[in-house]
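Undergrad: This is the structure, below, for whatever I ask next.
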Amino acid sequence: MPTVAQFFLCGLLAVSARGQDYDGSPRDEDAFSYVQPENTTILGPYGHSPPVFPSPHATGSGGWEEAFAQAQDFVAQLTPEEKADMVTGQFGPCVGNIVAIPRLNFGGLCLQDGPLAIRVADYASVFPAGVAAASTWDRKILYERGFAMGEEFKAKGAHVALAPVAGPLGRSAYSGRNWEGFAADPYLTGVAMEETIRGFQDAGVQATAKHFVGNEQETQRNPTYDPDGTVTDVLQEAVSSNIDDRTMHELYLWPFANAARARVASVMCSYQRLNGSYACENSKILNGLLKQELGFQGYVMSDWGGTHSGVASIEGGLDMNMPGGIGAYGQDPKAGSFFGGNVTRAVSNGTLPESRLDDMILRIMTPYFWLGQDRDYPTIDPSSADLNTFSPRSEWLREFNLTGPRSRDVRGDHASLIRRHGAEATVLLKNKNNALPLRAPKTIAVFGNDAAENTNGPVNQDTFEFGTLAAGGGSGTGRFTYLVSPLAALNARARRDGTSLVQYWLNNKQVATSSVSDLLGVPTQPEACLVFLKTWAAEGEDRAHLDSDYSGNEVVASVAKTCNNTIVVTHSSGINTLPFANHPNVTAILAAHYPGQESGNSIVDVLYGDVNPSGRLPYTIARNGSDYNAPPTTEVTTNGKYDWQSWFDEKLEIDYRYFDAHNIPVLYEFGFGLSYTKFNISNVRAERVVQAIPSTPERLPVQPGGNPALWETLYNVSVSVTNTGPVHGATVPQLYVTFPDSTPSGTPPKQLRGFEKVALEPGESRVVSFALARRDLSYWDVVSQEWVVPEGEFTLRVGFSSRDLREVVRVTLVE
Ligand code: NOJ
C-alpha cells in the first residue's frame, strides 16, 4: 500500500492539465487521457500520469556541445516548411524517412529496422537475436555485435538503426517480443543496451532505444479503429500499462538510463498507454523521466503510428513523428499527418512556441553531426527501396534521389563472428553422464521439424511447419541470405569425421505418434538421438503457450522411450516449459534461442566441444507454466473506450525476483548454465572506495544517464575464480545484492548487480571484480523522489547463478 504522502503526491500531480490540439482548440478533457475519464476503470494509487511541462530543451551537454552548435547553425537556416519536414516522416525508400534539404547539403535521414539485422536489405547478415546475445552474458560480444550490425547499416546508407530493445523487459513469459530485447532483469538489460548502443554508434550509426516504456505485451498494443469510421476513429484505446513510480524506476526505466548514459541518439516511444496516457504524448515519461531526470539529449521518435495528436504530443515531449501518416501504423500517407503542415500552422498561429520546434530539430541533428553523418555518408542502397513493402514507391508523396551502387554486399566477414556469437549464446541446461560433448559418434539420429532447411522460403515473416528457426517475426526479423541448418552442419561434420551416419525424421507428427524403434529400423540404437525443437514468436501477438511448437514435448517423449541418449536442442524465442527435463533418457538439453544465420554451425561447435558452452539463462525456467505470474491482459469483457488496462500489481516481482520472494522451486534459475569444465569461487572481498556515503546522492548537474553521482562507484567486490576441470572454458560469476531490512517492503530478496565473463585454462585462477555504483545500492524513494541508500547491512553474494551463490560478504554503507 502506498503511504498517505505518496497517495497525496500522486493525487496532487494528477490534477487536470490542459493541452491544445494542433489546430489550437483546447483538447477535449476526455481525449486528454491522463485526466481520468468518468465511468472508466482507471482507479487506484497509480494509473495516472501527472503532467510535466514544458518540454526541456536540449543543450548538447555531456559531450555533444560542438555538434549542438553545428545543429544550431543548421536550424537557423531552415524555412518554416523545412522545419516541419525535419520532424515529420515521409513514405520513401526506408522504413522511416526524413527528406533531404539539398540547398543545405542535408541528404535526409534513412531509418531502418531492426534489432538483429538491417531487415529491409539484401546481402546483409542476420545476427543472433537480443535474447541470445544476452545469454552470452559477455560485454565484449554485446559490443562486437552492435558494432558489426552498425557497419552493415551504414554501408547500406541507413543513418538510424531502430534498435536495441529494452521494452519489453520480460515482465511476462508470454510477451511476443521478449526475444527482441535482452533479459528479464534491468541490470543485465542495461549493460546490454549500453554495449550495443556504443557498438552501433562507434560504427557511425545512430541507435534507437525502444520501446519507451512499459511495452510488455502485444495484445491491444494499438487502439481498435472503427472500420466504418475515419482513420482516427477509435472504438477502444490501446492497453494502458499501469506502473507505480518505484517499479518504473527500478525495473522498466533502469535500462533506458543506461541507454541515455551511452549517449543513445534516439528513443522510440511505445505504442501502448502508460498510466492512462499514450506513451508518445505522455509528458511525465518523455519530459519528466527521460529528458529531465535522465538528461536525454537526443530525440524521441514515435513508434509507427504511435502518434495520436499534434501539439499535445509535441508539448508532451515527442520530437519526430514516424512514419508520418495517420491511422493504424501511420500507414495512410494520403490521410495527412498530425505533424507536417499542422506543425507549421501551430507555430504561425502561436499555439506552439517556435523554440520548441527548434528544440526538436536540434535534438535530431545533434547526434547526426556528432557521428559525422554529414561527411561522406554512404547513399541509400536502391535495392532497399524495392524491398520496402511497408511504403512501396506507389505511396511516395515526395522525391527521393536514389543513386549509388545497387545490392551492395555489406556482410564482410561477419559470418564467422555470428557463428562464434551463436555458440557462445548457447545455454547448456543438462548434461547427464557427460553426454556432451559428442565424441565422433558412429551413428546419430536426428529428429524434429526444426532440424533442417526451411521448405516455405527463408524470410521469417511466418512460422512454417518445416524448417529451422533462427529469428522471430515482425519488424525485428532479418532477411536471410542463407541459413545453415543443424542438419546441414551435422552432415558436414559427419563427413569431416568420416564416422557418423546421420539419419533424420523431420515430421513431428510422425515421430510423436510412432514407435521410434520401428522408425530407426536398426538392431542397435544410434549413439545419440538429437531432437531439434522450435518455438515461434512475433511482433503483434503474444505467445499462446510456453511449450515448444508442433508437439515438441511429445516428440521428445517418443524419442526418449527408445533412445537412452536423447539430446534436446531448442530454438526458441525464450521461456519454454521443459516437462521432459528429468526424464532419465534425456541426457542433455541446450537452449540455443534464435542464433541467426550460422545457427547449425554454432550448435555443432557446441555439441562437438569446439566451443565449451558458457551461456547463461537471461530468465527463469519454471517447473510448470502455471508458476509464472504477470500474464498479459488478453481480453476485456466490456467495450468501454478505455477499458484495456494492465495493472503491474506484481511491482518489482518479475521473473527470479518473484520466484525468490515466494520461495517457488524452479527447474533452471536465472543465471544458470553448465560447462564442459568446472569452476570454483573463493576469497570474496568488498572494498569501500569512497569515505563517507550519505544516503542520498549529491545533486550534481544532470548529465545523460541522470545525476552523475548515481554512477559513482561506492564499493568494489572481488572474487577469485578457478577452472578446476579438465578443459579450457568460460564462466560467469554473478553478484546479487540483498538490501537491508530497513528498505521499504516489496524489495526483492536479491537482485543482480554485477557479472563478468571470464575464460580460464584448466587450473588457472583469476580475480574478477565488480564495481557497485550508487544506483546499484539504492532504492527509489517515491516520497523524496530520490535514489536512497538504506541504513543497515547489505548482503552481497557471488556465485554462478541466482540460486548457486557461494561466497557472501556483508557491508554497511549508511549507519
Ligand atoms: C513497429 C515496431 O513496434 C517497431 O519496433 C519498428 O521499429 C517499427 N514498427 C518500424 O518497423
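The values are calculated or read from the model by the stated rules, or taken from the named source; none is laboratory data. These figures come from a predicted structure and were not determined experimentally. Cβ placement follows ideal geometry from the backbone for every residue including glycine, while neighbour counts extend to all protein chains displayed. We work out accessible area using only protein heavy atoms, side chains counted, and drop any ligands, DNA or RNA first. Shrake-Rupley method; radii C 1.70, N 1.55, O 1.52, S 1.80 Å.
Undergrad: Across region 142-156, what is the number of residues that are surrounded by 24 or more Cβ atoms within 10 Å (Cβ to Cβ) and assigned to a helix (DSSP H, G or I)?
TA: Within region 142-156, residues that are surrounded by 24 or more Cβ atoms within 10 Å (Cβ to Cβ) and assigned to a helix (DSSP H, G or I) number 7.
Undergrad: Those residues that are free of Cβ contacts under 8 Å to residues at least 60 places away in the same chain and in contact with a helix residue (DSSP H, G or I) (Cβ under 8 Å, 6 or more places away or on another chain), I need them from region 623-649; list them, please.
TA: Answer for region 623-649, where residues must be free of Cβ contacts under 8 Å to residues at least 60 places away in the same chain and in contact with a helix residue (DSSP H, G or I) (Cβ under 8 Å, 6 or more places away or on another chain): 627, 629.
Undergrad: Which of the residues spanning region 479-508 are of a type in the set (Val, Ile, Thr) and in contact with a helix residue (DSSP H, G or I) (Cβ under 6 Å, 6 or more places away or on another chain)?
TA: 484, 502
Undergrad: Do we have residue 126 as open to solvent by 10 Å² or more (accessible area, probe 1.4 Å), away from the ligand (no atom under 15 Å from the Cβ), in contact with a helix residue (DSSP H, G or I) (Cβ under 8 Å, 6 or more places away or on another chain) and touching a residue at least 40 places away in the same chain (Cβ under 8 Å) here?
TA: Values: open to solvent by 10 Å² or more (accessible area, probe 1.4 Å): no; away from the ligand (no atom under 15 Å from the Cβ): yes; in contact with a helix residue (DSSP H, G or I) (Cβ under 8 Å, 6 or more places away or on another chain): yes; touching a residue at least 40 places away in the same chain (Cβ under 8 Å): yes.
No: the conditions fail for residue 126.
Undergrad: Additional query: Take the conditions open to solvent by 20 Å² or more (accessible area, probe 1.4 Å) and among the charged types (D, E, K, R) and apply them to residue 462. Does it pass?
TA: Numbers: open to solvent by 20 Å² or more (accessible area, probe 1.4 Å): yes; among the charged types (D, E, K, R): yes.
Considered against the rule, which asks whether it is open to solvent by 20 Å² or more (accessible area, probe 1.4 Å) and among the charged types (D, E, K, R), residue 462 comes out as yes.
Undergrad: How many residues does region 667-724 contain that are open to solvent by less than 20 Å² (accessible area, probe 1.4 Å), β-branched (Val, Ile, Thr) and in a strand (DSSP E or B)?
TA: Selection size over region 667-724: 4.
Undergrad: Let me ask something additional. Condition check: loosely packed, with under 14 Cβ neighbours inside 10 Å, within 29 Å of the chain's Cα centre (by Cα) and either polar (S, T, N, Q) or at pLDDT below 95 (or both). Does residue 412 satisfy that? Give the steps one after another, and end with the answer.
TA: Details: loosely packed, with under 14 Cβ neighbours inside 10 Å: yes; within 29 Å of the chain's Cα centre (by Cα): yes; either polar (S, T, N, Q) or at pLDDT below 95 (or both): no.
For residue 412, the condition - loosely packed, with under 14 Cβ neighbours inside 10 Å, within 29 Å of the chain's Cα centre (by Cα) and either polar (S, T, N, Q) or at pLDDT below 95 (or both) - is not met.
Undergrad: Okay, next question. Please work out which residue is most open to solvent (accessible area, probe 1.4 Å), limiting yourself to region 77-118 and to residues that are β-branched (Val, Ile, Thr) and within 28 Å of residue 350 (Cα to Cα). Steps first, please.
TA: First pass over region 77-118, keeping only residues β-branched (Val, Ile, Thr): 79, 87-88, 95, 98-99, 101, 118.
Applying the additional criterion that residues be within 28 Å of residue 350 (Cα to Cα) yields 79, 87-88, 98-99, 101.
Details: 79: 52, 87: 0, 88: 5, 98: 3, 99: 9, 101: 9 Å².
Looking at the filtered set, the residue picked out is 79.
Undergrad: Starting from residues that are of a type in the set (Ser, Thr, Tyr) and closer than 18 Å to residue 600 by Cβ, keep the ones in region 467-481 and report whichever is farthest from the ligand (Cβ to nearest atom).
TA: Filtering first and then ranking leaves 468.
Undergrad: May I pose another question? Among the residues of region 57-68, is there at least one that is in a helix (DSSP H, G or I), more than 14 Å from the ligand (Cβ to nearest atom) and open to solvent by less than 30 Å² (accessible area, probe 1.4 Å)?
TA: If we filter region 57-68 for residues that are in a helix (DSSP H, G or I), which is where we start, we get 65-68.
With more than 14 Å from the ligand (Cβ to nearest atom) added as a condition, the list becomes 65-68.
Filter once more, keeping what is open to solvent by less than 30 Å² (accessible area, probe 1.4 Å): 67-68.
Looking for residues that are in a helix (DSSP H, G or I), more than 14 Å from the ligand (Cβ to nearest atom) and open to solvent by less than 30 Å² (accessible area, probe 1.4 Å), one finds at least one in region 57-68, hence yes.
Undergrad: Would you say residue 118 is in contact with a helix residue (DSSP H, G or I) (Cβ under 9 Å, 6 or more places away or on another chain) and without any contact (Cβ under 8 Å) to a residue 40 or more places away in the chain?
TA: no
Undergrad: In region 96-123, what residues are assigned to a loop (DSSP other than H, G, I, E, B) and within 16 Å of the ligand (Cβ to nearest atom)?
TA: The first filter runs over region 96-123 and keeps only residues assigned to a loop (DSSP other than H, G, I, E, B), leaving 99-100, 105, 107-108, 113-123.
Passing the criteria: 113, 114, 115, 116, 117, 118, 119, 120, 121.
Undergrad: Could you check region 197-215 and list, in sequence order, the residues that are within 15 Å of the ligand (Cβ to nearest atom), within 15 Å of residue 256 (Cα to Cα) and either open to solvent by 10 Å² or more (accessible area, probe 1.4 Å) or part of a loop (DSSP other than H, G, I, E, B) (or both)?
TA: Selection gives 213, 214, 215.
Undergrad: Go through region 505-529 and count every residue that is in contact (Cβ under 8 Å) with a residue 40 or more places away in the chain and of a type in the set (Asp, Glu).
TA: 1
Undergrad: Can you find, within region 637-656, the residue that is surrounded by the fewest Cβ atoms within 10 Å (Cβ to Cβ) among those that are among the charged types (D, E, K, R) and out of contact with any strand residue (DSSP E or B) (no Cβ under 7 Å at 6 or more places or on another chain)? Don't jump to the end; show me each part of the working.
TA: In the first step, residues of region 637-656 are kept if they are among the charged types (D, E, K, R); the result is 641, 643, 649-651, 653, 655.
With out of contact with any strand residue (DSSP E or B) (no Cβ under 7 Å at 6 or more places or on another chain) added as a condition, the list becomes 649-651, 653, 655.
Working: 649: 13, 650: 16, 651: 19, 653: 22, 655: 29.
So, considering only residues that are among the charged types (D, E, K, R) and out of contact with any strand residue (DSSP E or B) (no Cβ under 7 Å at 6 or more places or on another chain), the one surrounded by the fewest Cβ atoms within 10 Å (Cβ to Cβ) is 649.
Undergrad: Shifting gears a bit: Would you check which residues across region 158-189 are under 24 Å from residue 757 (Cα atoms), within 15 Å of the ligand (Cβ to nearest atom) and not in a loop (DSSP other than H, G, I, E, B) and list them?
TA: 165, 178, 179, 180, listed by residue number.
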